[in-house]
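Okay, here's the structure, questions in a sec.
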Amino acid sequence: MLEFTPDEIATLRALLGKIAENGGYWPDEETMRIAHGAISYWACELVLLRDGKNGLEILLAEYSDGVEAFLGMWHIPGGYNKVLEKDTQETCSRVAQREIGVDVDYCETLDSYKWAPGEHPYGRPLSVYVGCIPLGEIAETKKLRFFSVNALPENVVGAHRQFILNNLR
C-alpha cells in the first residue's frame, strides 16, 4: 500500500476540501483526468428512443470535443454527475440541455456499466443508462441523429454499442 506522509495527507485533505467548496469542479482538465483515474465517477447516459420507419431508433451524438480517444465516434449523449446536483433528474436536465439542446424528463434507470480497465482513457467510470423523454423537439443535425438499433454506425463507443445490443434489440 502506498504510504503518505502526514504533510501529504494534510495537503490532500485541504485540496479535496477546496474542490468540494467549488462544487466538485477541478481546477483544470489535467487534474480532473488524474482524479478520474483514482475515483470512479458516474455518468448519466441519456437513452432517448423513438419509433422509426425501420423500428426502434436511439439518439446518438458524434464526439467533436471532450475525450480525445472517442473523437469522431458516435455515443449515447451523456455527462458526469456534478457533486451539488440533488438527484438524477437534475443531472439529466443539465446534460440534456448541453448535449441535445432540450430538457428531458427522467423516467427510469435502464442499466449500468462499470467500464473495464483500459476501456476509458480517464479511468473506470460507471455509466448509468437512463430512459428519458425529451421536453421539446430534438433538432437532428449531422452530429446528432436517431439511428435504428438494428443498423448502428460502425464507430459507436464500445460500451454504448454493447448497451444497445444487450438491451434494445
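The values are calculated or read from the model by the stated rules, or taken from the named source; none is laboratory data. Since this is a predicted model, take the numbers as computed values, not measurements. Cβ: placed from backbone, ideal geometry, glycine included. Neighbour counts: every protein chain shown.
Is it the case that segment 142-157 has a residue that's among the β-branched types (V, I, T) and within 16 Å of C44 (Cα to Cα)? Step through it out loud before you land on a result.
Step one: filter segment 142-157 for residues among the β-branched types (V, I, T), giving 149, 156-157.
If we keep only those that are within 16 Å of C44 (Cα to Cα) as well, we get 157.
Yes: one or more hits.
Does V67 count as surrounded by 11 or more Cβ atoms within 10 Å (Cβ to Cβ), free of Cβ contacts under 8 Å to residues at least 60 places away in the same chain, β-branched (V, I, T) and assigned by TED's automatic domain parsing to the domain that holds R124?
Values: surrounded by 11 or more Cβ atoms within 10 Å (Cβ to Cβ): yes; free of Cβ contacts under 8 Å to residues at least 60 places away in the same chain: yes; β-branched (V, I, T): yes; assigned by TED's automatic domain parsing to the domain that holds R124: yes.
Considered against the rule, which asks whether it is surrounded by 11 or more Cβ atoms within 10 Å (Cβ to Cβ), free of Cβ contacts under 8 Å to residues at least 60 places away in the same chain, β-branched (V, I, T) and assigned by TED's automatic domain parsing to the domain that holds R124, V67 comes out as yes.
So, I133, is that one outside the structural domain of D28 (by TED's automatic domain parsing), buried (at least 17 other Cβ atoms within 10 Å of the Cβ), of a type in the set (A, V, I, L, M, F, W, C) and farther than 27 Å from E21 by Cβ or not?
Details: outside the structural domain of D28 (by TED's automatic domain parsing): yes; buried (at least 17 other Cβ atoms within 10 Å of the Cβ): no; of a type in the set (A, V, I, L, M, F, W, C): yes; farther than 27 Å from E21 by Cβ: yes.
No; evaluated as a whole, the condition is false for this residue.
Go through (1) loosely packed, with under 13 Cβ neighbours inside 10 Å; (2) free of Cβ contacts under 8 Å to residues at least 60 places away in the same chain; (3) not hydroxyl-bearing (S, T, Y) one by one and return the number of the condition W26 breaks.
(1)
Can you tell me which residues in segment 79-111 are touching a residue at least 60 places away in the same chain (Cβ under 8 Å) and touching a Phe, Trp or Tyr at 6+ places or on another chain (Cβ under 9 Å)? Talk me through it step by step, then tell me what you get.
Taking segment 79-111 first, the residues touching a residue at least 60 places away in the same chain (Cβ under 8 Å) are 83-84, 110.
Correct list: V83, L110.
Let me ask something additional. Please list, ordered by first then second residue, the pairs with beta carbon atoms under 8 Å, 6 or more apart or interchain, first in segment 148-164 and in a helix (DSSP H, G or I), second of a type in the set (D, E) and surrounded by fewer than 14 Cβ atoms within 10 Å (Cβ to Cβ).
Short answer, once both residue conditions are applied: none.
Taking segment 1-13, which residues are closer than 20 Å to T31 by Cβ and either surrounded by 10 or more Cβ atoms within 10 Å (Cβ to Cβ) or not hydrophobic (A, V, I, L, M, F, W, C) (or both)?
Taking segment 1-13 as the starting set, the residues that turn out to be closer than 20 Å to T31 by Cβ are 2, 4, 7-13.
Hits for segment 1-13 are F4, D7, E8, I9, A10, T11, L12, R13.
Here's a follow-up. Return the residues of segment 100-121 that are crowded, with 17+ Cβ neighbours inside 10 Å, among the hydroxyl-bearing types (S, T, Y) and within 14 Å of the chain's Cα centre (by Cα); say none if nothing qualifies.
Y113
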